[in-house]
Amino acid sequence: MNASAIIQGETPLAVTRLTVPGMKCAGCIGKIERELAKTPGITGARANLSAKRVAITHDPALDEGALTAALLALGFESQPVADNPLASDDAERRRLTRALGVAGFGMMNIMLLSVSVWSGADGATRALFHWLSALIALPVIAYSGRPFFASAWMALSHRRTNMDVPISIGVILATCMSLYETVTGGAHAFFDSAVMLLFFLLAGRALDAEMRTRTRAGIGALLGRMGKSASVIGPDCTARRVAAKDLLPGMLVLVAAGEALAADGEVVEGASTLDNAMLTGESAPEPVGQGSVVHAGAINVSAPLRIRLTHVAEDTALAEIARLMDEAGQSRSAYVRIADRASRLYAPVVHALALAAFAGWMIAGAGWHASLTIAIAVLIITCPCAMGLAVPAAQVVASGALLRRGLLVKDGSALERLAECDVAVLDKTGTLTLGSPRPDLSKLDAEARAVALGLAQTSRHPLSRGLAAALRAAEVEPAQIEGLAEVGGKGVTGRWQGNAVALEKPEDAGQALATGLRIGQRLHTIPFSDPLRPDAAATLAALAAEGLPTRILSGDRAAPVAACAAALGIPSQGEADPRAKLAALEALKAAGHRPLMVGDGLNDGPALAAAHASIAPGTASDASQQAADAVFIGEALMPVALAVRVAKATMRIVRQNFGFSIAYNVLAVPLALTGQVTPLVAAIAMSVSSLVVIANSLRLSGAAR
Amino acid sequence: MTGLALLIPIALGMGLLGLAAFLWSMRAGQYEDMEGAASRILIDEEDEL
């Protein structure tokens with residue numbers, strides 16, 4: 001994806017952006033920027049730690065594959081950035097921030113002039129200050145008010161009303177009224193109130209947008225792991241690379257070891273094992289041979305395969321899951337945010353009050369000018385300034401607190417929905433368990449450990465990688481193995497100190513997950529297990545304490561699922577395919593529950609999208625992370641229970657904020673109705689209520705402790 | 001009034017200057033990578049000299 005080309009000297013250079021999820025600290029930035037520039041063909045690299053992206057300036061002759069390989073050599077996995085799906089979000093956030101800056105400037109300068117008027121300036125000075133205020137306020141309101149005016153117009157043209165309608169009416173009426181006062185040399189101009197209102201409301205909007213973009217960054221594109229191209233073997237036995245979208249059923253494809261499948265098909269030649277973890281959530285690799293049906297997204301682990309394609313592009317099992325997810329996700333978009341629900345009740349009341357004030361004073365014979373001033377004072381004083389901040393302020397503080405505990409919440413509506421969940425459904429592999437096989441090393445002596453690491457570190461087989469990772473964690477130095485060779489489906493062999501050594505399939509193949517280590521004549525069996533996360537039981541107890549009974553819904557075989565459920569003492573359902581998982585979630589929803597889904601595999605994707613709220617671990621497939629409302633990082637499961645607790649605390653604070661706003665209105669509205677509200681009173685009331693709401697929200701910063 | 005004629009333009013000018021600086025820094029991408037900016041200070045660049 002050569003987004004743009006810049007000219008440097010004679011050769012135009014290409015710029016490519018890659019997502020690097022593993023980039024976490026200053027050391028990573030330094031390493032990437034310093035080392036990458038030393039690679040031939042790469043002129044420079046610039047890392048963005050917040051977005052977890054690297055922009056690489058390079059010779060156009062280098063392709064994405066070469067760049068990815070260069071990053072992998074430094075120890076970072078990376079993926080090309082898809083056609084910037086976040087661009088529109090980003091533009092909105094920038095627009096809001098600019099509008100906030102302009103409103104801030106206007107508010108401070110108008111306030112400067114207003115304070116002089118309040119402290120007694122009159123006559124020519126007051127008129128001058130009002131004119132200056134108008135000069136500043138009009139462009140500022142026109143610019144900063146646009147997000148509200150546009151949204152209010154949208155709502156009105158669809159014959160609905162939202163929070164922005166009373167705001168827009170209030171601001172526009174107050175501006176017109178103040179202009180009239182200025183022209184006629186009147187005493188009260190509300191320019192300061194109108195601009196201050198916009199400033200506080202924009203602050204709420206900007207916080208909301210900031211929260212959305214911050215946590216969405218780093219989450220890769222949908223279907224990122226599906227093979228992007230394949231080597232097609234022509235009739236003349238030559239291989240050429242064909243992009244996934246151009247593949248046709250019936251083509252013969254060669255899949256090298258370590259490559260991801262780009263389409264569904266049937267094995268014609270070769271024997272290997274496939275890592276299907278993304279599709280089924282099963283951690284053990286599946287052996288395949290001639291005649292086996294294989295799916296796009298699976299990774300060929302050990303030996304090359306020749307595959308005859310049967311389903312391509314939109315027809316693959318993977319694309320089918322993506323479609324299910326898409327459909328399931330649509331029900332969620334119908335969710336109405338709490339602020340909008342509040343405004344549905346609030347807006348008509350405010351409009352009715354303002355109208356009643358105008359009509360009442362007209363009937364009382366106050367004249368249209370005085371009546372209109374009072375009606376506008378009612379609109380300004382009741383404008384949902386504190387309400388506009390009530391929700392985003394609490395949610396931003398809460399999500400910041402959760403972020404520090406390793407949980408990324410994607411947006412505010414996720415927190416609202418999390419707080420409403422009343423039953424939790426968990427996947428087994430990768431969610432309750434760690435999802436990667438861990439070896440039991442207790443029976444190996446130091447010598448065997450060194451040999452095992454020497455053998456295991458050369459292989460990409462999941463068991464070997466699990467073994468190598470565990471041995472490295474135990475600080476084992478690898479033995480020097482000579483003549484290393486890997487035979488697909490058999491194992492790794494070599495020679496060490498004159499003895500034949502091997503990592504191979506154990507002879508008693510009854511055990512599901514184990515590997516045999518042969519050193520000369522000695523034979524060790526290393527059993528593997530996929531252990532539960534260390535705090536799984538504690539998390540389930542914590543969830544139950546929050547009023548969420550838990551159950552397991554897994555695509556894994558029934559026996560291990562039942563064993564796991566029995567160990568944790570919760571009900572379970574095994575052998576569920578993506579459709580069955582989706583059906584189970586729909587059934588729960590039909591029964592009036594609001595399910596929380598926690599899962600990682602792509603097979604959980606539709607269920608994650610359909611659930612009332614969903615959480616995925618950071619090791620989950622890209623598509624699942626995309627579908628989930630929140631992502632947690634690390635080995636602990638506790639962030640899930642923490643998320644529910646903090647979400648509930650957030651909603652408590654939001655309700656308090658609403659309660660305060662309403663109480664404030666109950667006090668202030670009679671003042672406005674009786675015509676006691678001057679611009680000074682309005683300004684003080686507005687700032688105090690906003691500050692109280694923000695201060696109350698800040699109490700959440702300790703909620704995740 | 002002569003004081004005002006001097007002070008108000010100064011106040012407005014300084015406000016505008018601040019606003020211009022904010023808009024410029026936003027356009028220049030200074031808020032794109034807040035975490036990175038905080039971390040970069042820790043990078044040792046001993047071999048870059």
Enumeration of residues in region A:670-687 that are surrounded by fewer than 16 Cβ atoms within 10 Å (Cβ to Cβ) and assigned to a helix (DSSP H, G or I): A:670, A:684, A:687
Residue list for region A:397-427, filter: surrounded by fewer than 24 Cβ atoms within 10 Å (Cβ to Cβ) and charged (D, E, K, R): A:404, A:405, A:410, A:411, A:416, A:417, A:420, A:422
Residue under evaluation residue A:131, criteria (1) surrounded by fewer than 19 Cβ atoms within 10 Å (Cβ to Cβ); (2) in contact with a Lys or Arg (Cβ under 9 Å, 6 or more places away or on another chain); (3) more than 10 Å from every other protein chain (Cβ to nearest Cβ), criterion not met: (2)
Residue in region A:370-377 that is crowded, with 22+ Cβ neighbours inside 10 Å, within 30 Å of residue A:701 (Cα to Cα) and at pLDDT 75 or above present: no
Close pairs (6 angstrom Cβ cut-off, 6 or more residues apart or separate chains): facing another protein chain (nearest Cβ under 10 Å) and surrounded by 11 or more Cβ atoms within 10 Å (Cβ to Cβ) in region B:3-24, part of a helix (DSSP H, G or I) and of a type in the set (A, V, I, L, M, F, W, C) anywhere: B:15/A:105; B:19/A:105
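Yes/no matrix, rows are residues, columns are (1) exposed (fewer than 15 other Cβ atoms within 10 Å of the Cβ); (2) in a loop (DSSP other than H, G, I, E, B); (3) touching a helix residue (DSSP H, G or I) at 6+ places or on another chain (Cβ under 7 Å):
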| site | (1), (2), (3) |
| --- | --- |
| A:524 | no, no, yes |
| A:527 | no, no, no |
| A:540 | no, no, yes |
| A:543 | no, no, yes |
| A:555 | no, yes, yes |
| A:559 | yes, no, no |
| A:563 | yes, no, no |
Some residue of region A:420-442 being of a type in the set (S, T, N, Q), touching a residue at least 12 places away in the same chain (Cβ under 8 Å) and under 22 Å from residue A:51 (Cα atoms): no
Test: residue in region A:96-108 that is surrounded by fewer than 19 Cβ atoms within 10 Å (Cβ to Cβ) and away from chain B (no Cβ under 14 Å): no
Region B:1-34: number of residues that are farther than 22 Å from residue A:107 by Cα, under 11 Å from the mean Cα position of the chain (by Cα) and of a type in the set (Ser, Thr, Tyr): 1
Selection status of residue A:89, modelled with pLDDT under 80, charged (D, E, K, R) and in contact with a helix residue (DSSP H, G or I) (Cβ under 8 Å, 6 or more places away or on another chain): yes
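It is to be established whether one or more residues within region A:56-75 are within 13 Å of chain B (Cβ to nearest Cβ) and either of a type outside the set (Val, Ile, Thr) or farther than 26 Å from residue B:13 by Cβ (or both).
Looking for residues that are within 13 Å of chain B (Cβ to nearest Cβ) and either of a type outside the set (Val, Ile, Thr) or farther than 26 Å from residue B:13 by Cβ (or both), one finds none in region A:56-75, hence no.
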Flag for residue A:663 being surrounded by 22 or more Cβ atoms within 10 Å (Cβ to Cβ) and either modelled with pLDDT under 85 or closer than 23 Å to residue A:353 by Cβ (or both): no
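For every residue, the table says whether it meets (1) outside the structural domain of residue A:167 (by TED's automatic domain parsing); (2) modelled with pLDDT of 85 or more; (3) of a type in the set (Val, Ile, Thr); (4) under 30 Å from residue A:590 (Cα atoms).
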position	(1), (2), (3), (4)
A:346	no, no, no, no
A:359	no, yes, no, no
A:364	no, yes, no, no
A:367	no, no, no, no
A:379	no, no, no, no
A:398	yes, yes, no, no
A:409	yes, no, yes, yes
A:424	yes, yes, no, yes
Failed criterion for residue A:676 (all others in (1) outside the structural domain of residue A:195 (by TED's automatic domain parsing); (2) touching a helix residue (DSSP H, G or I) at 6+ places or on another chain (Cβ under 9 Å) hold): (1)
Those residues of region A:650-672 which are more than 20 Å from residue A:167 (Cβ to Cβ), of a type outside the set (Val, Ile, Thr) and touching a residue at least 24 places away in the same chain (Cβ under 8 Å), in sequence order: A:651, A:656, A:671
Subset of region A:198-237 that is of a type in the set (Ser, Thr, Tyr) and at pLDDT below 75 - its residue that is farthest from the chain's Cα centre (by Cα): A:229
Residue check for residue A:576: in a helix (DSSP H, G or I) and assigned by TED's automatic domain parsing to the domain that holds residue A:639: no
Selected residue [in contact with a helix residue (DSSP H, G or I) (Cβ under 9 Å, 6 or more places away or on another chain), assigned to a helix (DSSP H, G or I) and more than 13 Å from chain B (Cβ to nearest Cβ)] from A:136, A:141: A:141
Scan of region B:33-44 for residues that are surrounded by 15 or more Cβ atoms within 10 Å (Cβ to Cβ) and not polar (S, T, N, Q), ordered by number: B:33, B:35, B:36, B:40, B:43
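The values are calculated or read from the model by the stated rules, or taken from the named source; none is laboratory data. In this text the structure is predicted, and so the values were computed from the model without any measurement. Counting neighbours? That spans all protein chains shown, and the Cβs are built from the backbone with ideal geometry, glycine included.
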